[in-house]
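The values are calculated or read from the model by the stated rules, or taken from the named source; none is laboratory data. Computed from a prediction, not measured in an experiment: that's the story for all the values here. Cβ atoms come from the backbone with ideal geometry, glycine included; neighbour counts cover every protein chain shown.
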Amino acid sequence: MIAIIDYGHGNLQSVYKALSLLNFESQITDSIKDIENARSLIFPGVGAFGDCMQNLDDKGLTEIIKKSIKSGKPFLGICLGLQILFESSEESPGVQGLSIFQGSISKMNFNKNKLKVPHMGWNQIKMKRKSKLFENVKDESWVYFVHSYKIDPDLDIVDTTSSYGDDFGSSVSFENIYATQFHPEKSSDLGLNILGNFCKI
């Protein structure tokens, strides 16, 4: 069973429906026991970094997520689910993330060409290195984004980059950890392919 972690927000139903279309069994849950027993974890995050970490703490989920990741269980973070893997974010000064990866999340530069806030809509991903998440996914494919904060595109763990004013890392992977800044559950057939690739890991 794949646990879709419910921290009080997120595109939970969209991810659940996508996995159902792919014939993978999943469950939306905030149960520590369910997370412990799950084969793999998906964390679809939306909203603010600080609110997300507060909700995880309030539900007692922070430590079980960290423990599960460190145990080698496959983990997929989506959007904010990518950002909380880092130590901190400019969005919520003083709030500690899961600290699985070193570094901080920074605000995107929307002043360039008077770009709209947030970065919302379809954009391309450029392959920096190939991970299992992108099997049968072509370079410069189009995926769907909604975000105002970003990760450094030059980090060693970055698999794909994208550009909106600034270049930014649009996906990462390291060992059993995978995460996308874009929303695969909103990215049509290509997104289903990416979710399917994760479910097979």
Give the residue that is surrounded by the most Cβ atoms within 10 Å (Cβ to Cβ), with candidates limited to residues of region 11-39 that are of a type in the set (Gly, Ala, Ser) and in contact (Cβ under 8 Å) with a residue 60 or more places away in the chain.
18
Having 1 or more residues that are among the β-branched types (Val, Ile, Thr), closer than 18 Å to residue 158 by Cα and in contact with a Cys (Cβ under 6 Å, 6 or more places away or on another chain) is the bar; report the strands (runs of 3 or more DSSP E) wholly within region 104-148 that clear it.
none
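Let's see how each residue does on (1) modelled with pLDDT of 95 or more; (2) among the charged types (D, E, K, R); (3) closer than 18 Å to residue 179 by Cα:
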{"site": "27", "(1), (2), (3)": "yes, no, no"}
{"site": "32", "(1), (2), (3)": "yes, no, no"}
{"site": "41", "(1), (2), (3)": "yes, no, yes"}
{"site": "61", "(1), (2), (3)": "yes, no, no"}
{"site": "66", "(1), (2), (3)": "yes, yes, yes"}
{"site": "80", "(1), (2), (3)": "yes, no, yes"}
{"site": "84", "(1), (2), (3)": "yes, no, yes"}
Members of region 1-10 found to be surrounded by fewer than 20 Cβ atoms within 10 Å (Cβ to Cβ) and either within 16 Å of residue 82 (Cα to Cα) or among the charged types (D, E, K, R) (or both), listed by number
6, 9
Could you tell me whether any residue of region 153-172 is in a strand (DSSP E or B), in contact with a strand residue (DSSP E or B) (Cβ under 9 Å, 6 or more places away or on another chain), over 24 Å from residue 50 (Cβ atoms) and without any contact (Cβ under 8 Å) to a residue 24 or more places away in the chain?
yes
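Being within 20 Å of residue 72 (Cα to Cα), in contact with a strand residue (DSSP E or B) (Cβ under 7 Å, 6 or more places away or on another chain) and not aliphatic (A, V, I, L, M) is the filter here; which residues of region 31-45 pass it? Walk me through how you get there before you give the answer.
Going through region 31-45, the residues within 20 Å of residue 72 (Cα to Cα) turn out to be 31-44.
With the extra rule that they be in contact with a strand residue (DSSP E or B) (Cβ under 7 Å, 6 or more places away or on another chain), the set shrinks to 34-35, 38-44.
Hits for region 31-45 are 34, 39, 40, 43, 44.
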Could you figure out which of (1) part of a strand (DSSP E or B); (2) on the phi < 0 side of the Ramachandran plot isn't true of residue 101?
(1)
Please work out which residue is nearest to the chain's Cα centre (by Cα), limiting yourself to region 71-87 and to residues that are surrounded by fewer than 19 Cβ atoms within 10 Å (Cβ to Cβ) and free of Cβ contacts under 8 Å to residues at least 60 places away in the same chain.
87
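Okay, residues lined up against (1) within 21 Å of residue 43 (Cα to Cα); (2) loosely packed, with under 13 Cβ neighbours inside 10 Å; (3) not β-branched (Val, Ile, Thr):
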site	(1), (2), (3)
115	no, no, yes
160	yes, no, no
179	yes, no, yes
185	yes, no, yes
191	yes, no, yes
Return yes or no: is residue 139 closer than 13 Å to residue 182 by Cα and not hydrophobic (A, V, I, L, M, F, W, C)?
no
Qualifying residue in region 37-47 (condition: within 22 Å of residue 161 (Cα to Cα), of a type in the set (Val, Ile, Thr) and within 13 Å of the chain's Cα centre (by Cα))
yes
